[in-house]
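Remarks on the structure that follows.
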Amino acid sequence: MYIVLILKYFLSSLLILETKGAKSMEENILEIRNITKHFAGVKALDNVSFSVKRGEVHALMGENGAGKSTLIKVLTGIYKADSGEIYFDEKKCMFPNALSAQHAGISTIYQELNMIPYLTVSENIFLGRYPMQRAGIDWKSMNEMAQKLVDDIGVKIDVRKPLNTYGTAKQQIISILRAISLKSKLIVMDEPTSSLDSNEVDILFGIIDKLKKDKVAIVFITHRLDEVYRMCDCITVLKDGQYEGTYDIKELSQYELLNKMIGKKILSMDNNRVKRDFSTDECVLEVSHVTRVPYVRDVSFKLHRGEIVGFAGLLGSGRTELARIIFGCDIPNSGQIQMGGKLIHLSSPKDAVAQGMAFCTENRREEGLFPDISVQNNIAICTLSQLCTAGFINLKKRKRLSNEYIEKLGIKTPSGEQLIKNLSGGNQQKVILARWLATNPKLIIFDEPTRGIDVGAKAEIEKLVCEFSDRGISVIFISSEMSELVRNCDRIIVLRDGMIVGELKGAEISEKNIMWMIANKKSIDSLM
Amino acid sequence: MSSITKNFRFEITIFRKYVSVLALLALIIFNCLFTQNFVSWVTFSNLFIQASKVVLLGLGMTLIIATGGIDISVGSAMGLSATISAIFLVNGEPAGILLSLIVVAAFGVLCGTLVSKFSILPLIATLALRYILRGLAQGLSGRGTVTYNSPALTQFFITPIAGHFPIHFFILVIAVIIMYLVVNRMKFGFQVEAYGNNPIAAKIAGINTTKIIILCYAVSAIFAWVSGMLEMIMVSSADPSTVGLDMEIDAIAAAVIGGTPITGGYPNIIGTVCGALLLQLITMMCNMNNVPYSTALMIKAGIIVFALFFHGFRKK
């Protein structure tokens, strides 16, 4: 008797659970449960779960390497998850490839457009599903349908023209139209605004509003906080491949969001540089009103002799782009750069090197190393002219130079003849440092100098950077790790969306203040 | 343990660097043992005279391949330089030989500019030049083969020096020494290797990459001129449609066998020289043993595949 009662109770509770589950499923177009994905032993995604409701704009936030793209690729069938489940539209599904995800109703709009530039707009919209009639493709009705889609959102596009007659913004919109015409229930947008100007962003957001009314769910990936707060209903934050949480947009301030994305990354290091005010020292570099659309807008700052200035900001804030302009890799649309009080014109990096600049790039492998060349030649490559006697390279001088720096910077290598690709990341970075130090520079730009190297080497490189400053070399230090900036910089310039939003000096320098500035665009005075 | 593997790897790299030298030595020893009449001055001078053009073209090709490029116009450049020089010699103006050098070098500079400044793929840029130069040569000659009469010049070239050494031998030795020093001991060579390794990093390291590329193509054109001259002098005439025809293919093969990575990297001068000599030696060996030419071609193909296997065809 009792047993029957218990069973009955148990069954009914199960039923309740079932209906509850079904209800939440009905609301949620997408549920991702406990997804884990490894790449060569590294956990790119660690037990990530989140869900998206119908007709919701859901922001997916996180710094570089947080796992956003991996998650999207798992969702759309490009990668296969190691474990975990995906429920889409009330069905459990693991898409074997991108096409089947598209058939099920998930469209993805990538940062780099995946369309065919030489085909017409309407062909691109209906690619792979051209309307047919007896004599082949029904061009007329295809163009009419495409034109209707375009007119519906009120953009001026002639669908008969080839796609590449339109700029990136319009192409972006066209790829969204394709998603709409596919009757997608969920559209994933991976940084759709990164190459748009503000008018174009408005148009895009108009379209998103419309989609929202049609109960289409949108997963929105961006690094621009403004857009998140303007458009999105809730935010899911990923950090280092882990799920941080999902928050209602109204309950999470920009500051808290930043804290969740990049906070708590503090390493215990004993290096505490005594910060000094350099504003009365000799001015080495003066950048005035430099603009390069759309990455850098009207940036002006000064750099003094021996000063370490940090560039803080999120990814896409224009940090690296600004450094590339200063070093002559990219040419600005307008603005001036002065060095030592003289106006300089940089048409390529060699001009910058001639001016006494050095640049440790963000991507060591792609832009710094000569992998199949020995350590000593990697060190000597910028100073070959000084090593020449009568036109020939003096091999003894080269060896002396490389040994000097191998010893000075503590580069761990069996010999100078070793190929640099056989060294560890930290030692490779030191070799690049040695290369630039040998040129006796006045200014060194470090872009993420400690990325991908272990803690010990990190501390050594930070120490070296401070030593350069003591020797009178000015340093521009770019890092995503706020704690690193706070430890090493005399002054921090905070960038957001390509503009300088503030500057921190001396005692004002703290992770909290940097985050406040990025979040609020306010000057430090109004903060305190 | 790891140091052992590292040393082992280090030795393998050295072995790879000189694999063509070893292959050449092996083939020479093989011939000394099994080919009748192989050990003689005639064989020696024939080898150098016949291989000289490919060696010279190969030196320039090595530089270009080291930058990650390729130059399929050198055969046509040979044809043009021979034709221009022969026309001037017919008219009794030997100074015109210098003019042909200037013209061909200018086309090399043009080619380098197209590749570096206008980012045209080397294969396409040199393909265009291959047609242009051949067309120019044929147009200038107008009536086919240009034959001149200058016995003194021919006599000077076919007279062996010190009784046994053909003049080609000395030209080759000088060219190889110069190129070896340029590559291994001069700024230019170091920068070429760096560019071939990583063009973006080379640019950021402040290397004038445009200049480097233009120079490489110009040097290659100059070597094409030298081998064009050699070919013209040997026969006292220049046929604009056959001088240097398909010669670039042999030069590329020599560089590849020599171990210069086709994706860019260290220009292995000694390797290229040995590669070119190896190819020529195979032809001679087959001739001397009455093996048909078609078989020689297949042996050459085998050597190229073998070389690529040893050098490891790495994807970048």
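Values in this text are rule-based calculations from the coordinates and carry no lab data. From a predicted model like this one, the values you see are computed outputs, not experimental measurements. As a convention, Cβ positions derive from the backbone with ideal geometry for all residues, glycine included, and neighbour counts pool all protein chains shown.
A few points about this structure:
- Highest-first packing order for the peptide set A:350-357, A:80-87 is A:350-357, A:80-87, based on the mean count of other beta carbon atoms within 10 Å.
- Per residue of chain A, the DSSP helices (runs of n ≥ 4 H) give a summed -39500 (n - 2.57) that works out to -11000 deg cm²/dmol at 222 nm.
- Gyration tensor (alpha-carbon) shape descriptor, chain B, a/c threshold 1.5: oblate
- Theoretical FRET efficiency, 1/(1+(r/R0)^6), r = Cβ-Cβ of A:Lys302 and A:Ser347, R0 25 Å, to 0.05: 0.60
- Helix-only mean residue ellipticity at 222 nm for chain B, each DSSP H run of n ≥ 4 adding -39500 (n - 2.57), per residue, nearest 500: -25500 deg cm²/dmol
- Residues A:Trp516, A:Trp436, B:Trp41 in ascending order of nearby Cβ atoms (within 10 Å, fewest first): B:Trp41, A:Trp516, A:Trp436.
- For A:Ala312, the residues whose modelled amide H falls within less than 5 Å of its own, excluding neighbours fewer than 5 places apart on the same chain, are A:Ile493, A:Val494, A:Leu495.
- Inter-centroid distance (Cα atoms) of segment A:385-415 relative to segment A:72-150, Å: 57 Å
- The share of Cα pairs per 10 Å bin across the protein assembly as shown, counted from zero up to the longest distance, runs 2, 10, 16, 18, 18, 15, 11, 6, 2, 1, 0, 0, 0 percent.
- Rounded to the nearest 20 debye, the dipole size of the protein assembly as shown about its Cα centre is 820 debye, using +1 on the Cβ of Lys and Arg and -1 on the Cβ of Asp and Glu.
- Under 5 Å between amide hydrogens, built in the peptide plane, is the criterion, and for A:Gly340 it picks out A:Leu285, A:Glu286 among residues at least 5 positions away or on other chains.
- Most fluctuating residue given options B:Ser236, B:Ser119, B:Ser100, as computed from a GNM of chain B linking Cα atoms under 10 Å: B:Ser119
- Too-long pairs where the Cα-Cα distance tops 29 Å, listed order kept, from A:Lys350/A:Lys430; A:Lys302/A:Lys458; A:Lys412/B:Lys211; A:Lys397/A:Lys421: A:Lys412/B:Lys211
- In nm, spacing of pseudo-spin labels at B:Thr242 and B:Asn46 (7 Å Cα→C-beta vector): 2.0 nm
- Fewest-first ordering of B:Cys274, A:Cys234 by other beta carbons within 10 Å of each residue's beta carbon gives A:Cys234, B:Cys274.
- Scanning chain A for long hydrophobic helices, with DSSP H runs required to stretch 24 angstrom or more by C-alpha along their axis and to average at least -0.5 on the Kyte-Doolittle scale, returns A:2-27.
- The mean number of Cβ atoms from other chains found within 10 Å of a Cβ in peptide B:201-214 is 6, as a whole number.
- Relative contact order of chain A: 14 percent, from C-alpha pairs under 8 Å at least 6 residues apart in sequence.
- For the peptide A:318-330, the mean number of other protein chain Cβ atoms found within 10 angstrom of a residue's Cβ is 1.
- Taking every C-alpha pair closer than 8 Å and separated by at least 6 residues, the mean separation divided by the residue count of segment A:363-440 gives a relative contact order of 45 percent.
- Remark: mean inter-chain Cβ contacts per residue of B:185-192 equal 4, using a 10 Å Cβ-Cβ cutoff to other protein chain atoms.
- Contact order normalised by residue count of segment A:72-179, Cα under 8 Å, 6+ apart, percent: 25 percent
- Given R0 = 51 Å, the distance between the Cβ atoms of A:Arg134 and A:Arg365 translates into a calculated FRET efficiency of 0.35.
- Sorted by Cβ neighbour density within 10 Å, fewest at the top, the residues A:Met145, A:Met515, A:Met132: A:Met132, A:Met145, A:Met515
- In this Cβ point-charge picture (+1 for Lys and Arg, -1 for Asp and Glu), segment A:363-440 has a dipole of about 200 debye about its Cα centre.
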